[in-house]
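Trainee: Here it is, the structure in full.
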Amino acid sequence: SRRPSEVEMFAGTVIPMAARHGIPVPANTFLYEKIKKIEASYCGKSYMYRGSDMTREEVKTGFIGFGTMGQAIADGFLYTHKLKPSQMCACAVNYEKLKKNTEKRGMKACRDSQEVVEQADIVVLAVKPWMAGAVLEPVKGLLAGKILWSVAAGVMFDDFEEMLGPGTHPIPAIPSTP
């Protein structure tokens with residue numbers, strides 16, 4: 001079996017799925033246990049969402065922030081055929097620039113983070129770390145039962161537990177683009 005490319009590892013999968021492909025999982029036991037708990041709830045052949053099985057074709061992913069990192073992740077999903085453009089939406093501060101960047105990928109541009117969270121099963125937080133709290137504040141009540149995949153480097157589980165209420169499943173990841 002071939003080893004997935006960096007784009008596939010980063011954008012096409014999340015850390016729990018990486019372990020299935022023989023890619024090392026972080027040695028941090030707390031992190032590993034948290035990931036395994038989330039994986040048991042959401043990963044595998046189908047995603048468990050709101051109490052029912054959901055296939056990968058039905059999962060919607062939304063991006064809060066669509067700069068270089070958000071676009072790289074979306075491009076990875078598209079390149080690896082993990083998601084279709086119709087399964088993704090995004091919001092960003094500059095709506096005109098966002099529309100240009102989402103239209104060329106066939107994705108939907110959303111006016112704000114509330115619209116993204118309402119449409120998405122998995123929310124990718126792709127903003128600068130210092131912006132995370134302010135960006136999540138207006139939507140924290142809507143994130144319960146959803147996966148929040150953060151690429152805001154340095155924002156850890158404890159930080160998310162302070163920012164968000166119970167029932168939210170954050171997966172912090174440290175991004176690395178080629």
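Trainee: Tell me the residue from 92, 132, 109 that is touching a strand residue (DSSP E or B) at 6+ places or on another chain (Cβ under 7 Å) and under 17 Å from residue 74 (Cα atoms), please. Reasoning before the result, please.
Mentor: On the way: 92 fails: touching a strand residue (DSSP E or B) at 6+ places or on another chain (Cβ under 7 Å); 132 fails: under 17 Å from residue 74 (Cα atoms).
It is 109.
Trainee: Select, from 118, 103, the only residue that is surrounded by fewer than 20 Cβ atoms within 10 Å (Cβ to Cβ) and closer than 12 Å to residue 60 by Cα.
Mentor: After ruling out the rest, the residue left standing is 118.
Trainee: Within the stretch 147-172, can you find the residues that are without any contact (Cβ under 8 Å) to a residue 40 or more places away in the chain and surrounded by 19 or more Cβ atoms within 10 Å (Cβ to Cβ)?
Mentor: Residues of the stretch 147-172 that are without any contact (Cβ under 8 Å) to a residue 40 or more places away in the chain, as a first pass: 148, 150, 152-156, 158-168, 170, 172.
Answer for the stretch 147-172, where residues must be without any contact (Cβ under 8 Å) to a residue 40 or more places away in the chain and surrounded by 19 or more Cβ atoms within 10 Å (Cβ to Cβ): 148, 150, 152, 155, 160, 163, 164, 168, 170, 172.
Trainee: Residues of the stretch 147-171 being closer than 17 Å to residue 134 by Cα and either of a type in the set (D, E, K, R) or not in a loop (DSSP other than H, G, I, E, B) (or both), which ones?
Mentor: Across the stretch 147-171, the qualifying residues are 148, 149, 150, 157, 158, 159, 160, 161, 162, 163, 170.
Trainee: For the list (1) on the phi < 0 side of the Ramachandran plot; (2) modelled with pLDDT under 95; (3) not in a helix (DSSP H, G or I), I need the number of the one condition that residue 81 fails.
Mentor: Of everything listed in (1) on the phi < 0 side of the Ramachandran plot; (2) modelled with pLDDT under 95; (3) not in a helix (DSSP H, G or I), residue 81 misses just condition (1).
The values are calculated or read from the model by the stated rules, or taken from the named source; none is laboratory data. Quantities reported herein were computed from a predicted structural model and do not represent experimental measurements. When we count neighbours, we look across all protein chains shown, and the Cβ atoms used for this are built from the backbone with ideal geometry, even at glycine.
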